[in-house]
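**Q** Okay, here's the structure, questions in a sec.
Read-outs throughout are calculated quantities, based only on the coordinates presented, and are distinct from any laboratory measurement. Note that this is a predicted model, so its numbers are computed, not measured. Every residue, glycine among them, receives a Cβ derived from its backbone with ideal geometry; neighbour counts consider all protein chains shown.
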Amino acid sequence: MRQPMVAGNWKLNGSQSSIKSLIDDICSGASELSEVAIMVCPPYVYLPLVADLLQDSSITLGAQNVSEHSSGAFTGEVAAGMLKDVGCAYTLIGHSERRAIYGEQDAVLAHKFVAAQKAGLTPVLCVGETLAEREAGQTESVVQTQLDAVLKIAGVQSFNQAIIAYEPVWAIGTGQTATPEQAQAVHQFIREHITQLDTAVAQKVRILYGGSVKADNAAELFAMPDIDGGLIGGASLKAQDFLAICRAGHESARAT
Ligand code: PEP
C-alpha cells in the first residue's frame, strides 16, 4: 500500500517569525494525523530554521529546487549534498514555475533528478501540461515526454526512490482544480506508462496531484485509486487549511 503524502510548497513566501508560527501550528495539528506523510518545502534560506523546528516531529523537509552540479563555480546555486547536510530529505524538481519562468528544460531536470538521488535526497518530479496543450489533446504526450527524459537517464528503478507530482499548469494557483476524474485519468496514464517498464516500481511510486487543492476538494481527489496525496501551494501557507488537507490524506489512508 502507498502511504498518502501531503507536501506544502511555500514558494517565495515567509519570514522567520511567520514560519515559526506556521510550523508551530502545523506541528500541533499534525500530531494526530499518523496515517499521512507530511512534508514542507520552505525557501532555501529558511531550511535550517525549519529543520530545527521540526526536530521532534515526523514532518519532513524538502527543497523547492536543486542544482544539477555538486560543487564549483556556479554562483547562486545550491547543491543536493548541501540540502541533505541541512536536513532535507526531498527536493522538488521541475515545478512548472521553474520550467516556465526559469526555462528549465527536461534534459537539465533529468540531471537534477540524478544529482538529488546521488546525494540521498528523494526527488519529487513535477510534470504537467499547459491549458493550450490540454485543449490540443496533448496532455499524455507532454507528460510522457517529461517522464521519459528522466527515465532515459536515470532508469525506471530510480523511481523506487522518487515521487511524481502531476500538476496541470492551468490548475496551479488559479483556483481551477482538475476534477477528480481528470486527475485520475492522468495519474493512471503515468502509472501505466511506468508499468510497461516495471510493474513493481509502478505499484510502489507515489503520484501526488497538485493544482488548487483545498480543504474542500482534497478528500475527493485523494479517494481516487492512483492519487496518493497532494502537492499544495497557496493552501500550505495557512496552517488550518494545510492541516485540513493533511487530514483528508490521513482519512483516505484509513479508508483503504
Ligand atoms: C504548486 O505550486 O505546486 C501548487 C499546486 O500551487 P496551488 O496549490 O496554489 O495551486
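**Q** With a cap of 11 neighbouring Cβ atoms within 10 Å, and only residues DSSP puts in a loop, list the chymotrypsin sites (Phe, Trp or Tyr not before Pro) found in the range 196-250.
**A** Passing both the DSSP loop test and the Cβ count: no residue.
**Q** Can you return the lysines within cross-link range of Lys238? Criterion is Cα-Cα under 16 Å, with same-chain partners fewer than 8 residues away left out.
**A** Partners within reach: Lys11, Lys20, Lys214.
**Q** Something else about it: Mind ordering 10-23, 35-48 by average Cβ neighbours within 10 Å, highest first?
**A** Answer by packing, highest mean first, reads 35-48, 10-23.
**Q** Membrane-span-like helices in the chain: DSSP H runs reaching 15 Å or more (Cα, own axis), mean Kyte hydropathy at least -0.5? Mind showing how you got there, number by number?
**A** Numbers: long enough: 16-30 (21 Å, 0.24); 106-118 (18 Å, 0.32); 139-154 (23 Å, 0.51); 180-195 (22 Å, -0.69); 239-254 (22 Å, -0.19).
Helices meeting the criterion: 16-30, 106-118, 139-154, 239-254.
**Q** As an exercise, identify the GluC sites (Glu not before Pro) in the range 66-125 lying in DSSP coil whose Cβ has no more than 16 other Cβ atoms within 10 Å.
**A** Glu77
**Q** Also, I was wondering about something else. How large is the charge dipole for the range 5-237, taken about the Cα centre, if only the Cβ atoms of Lys, Arg (+1) and Asp, Glu (-1) carry charge, to the nearest 20 debye?
**A** Dipole of the range 5-237, to the nearest 20 debye: 480 debye.
**Q** Same structure again: Find the percent of Cα-Cα distances in the chain that exceed 26 Å, and round it to a whole number.
**A** The answer is 34 percent, as a whole percent.
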